[in-house]
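The values are calculated or read from the model by the stated rules, or taken from the named source; none is laboratory data. All figures in this text were calculated on a predicted structure; none of them were measured in a lab. All Cβ positions, even for glycine, are placed from backbone atoms using ideal geometry, and neighbour counts span all protein chains on display.
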Amino acid sequence: MAVNPGPIALGVGCGRPEHAKAMFTNSRLYSIVFNKCPRCHQGDFFVTNTAFSRHFDKMHDHCPHCGLNFTPEPGFYWASMFVSYAFFTIWTLATFFVAVLWLNIELEYYLMGLLPTLVLLTPYFFRMARRTWLTIFVRPERHRVSLPNEQV
């Protein structure tokens, strides 16, 4: 009788919601969105978990859990500016299509609402761009995901 080994990180689940959640916690997208290390998905990337704090840009030097160096070389994150520009462009285009083209809001009102929104999103996009940039270059650990009701 074969034993089901359970979901494997980055693998295909059996369709149960807990398997999907467990697999999502070991994905690259999870580490980008939830401030986690791109290799182990457990250690925090930034010192604070909120982008709207005084020290929103302070990063750990190494992952508190697996020891991954978050600054591989000097100037590594300069290119993350382009990732940040992409996030701002996607946000601007998406809100433009919804507000101006779909809801028929006048362009002047849209721009008056867009500028404060972009200023407020700057710390969030800054952090997300850095996490995205490092995630591109770091291979995640493939490890077995244990579910709460699963016997090991």
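Numbers for the structure displayed
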read-out: Leading residue by the ranking (surrounded by the most Cβ atoms within 10 Å (Cβ to Cβ)) among those in the range 104-120 that are in a helix (DSSP H, G or I) and β-branched (Val, Ile, Thr); value: 117
read-out: Residue satisfying all of: in the range 121-152; surrounded by fewer than 11 Cβ atoms within 10 Å (Cβ to Cβ) and farther than 21 Å from residue 82 by Cβ; modelled with the lowest pLDDT among these; value: 152
read-out: The range 69-87, residues that are surrounded by 15 or more Cβ atoms within 10 Å (Cβ to Cβ) and of a type in the set (Phe, Trp, Tyr); value: 70, 76, 77, 87
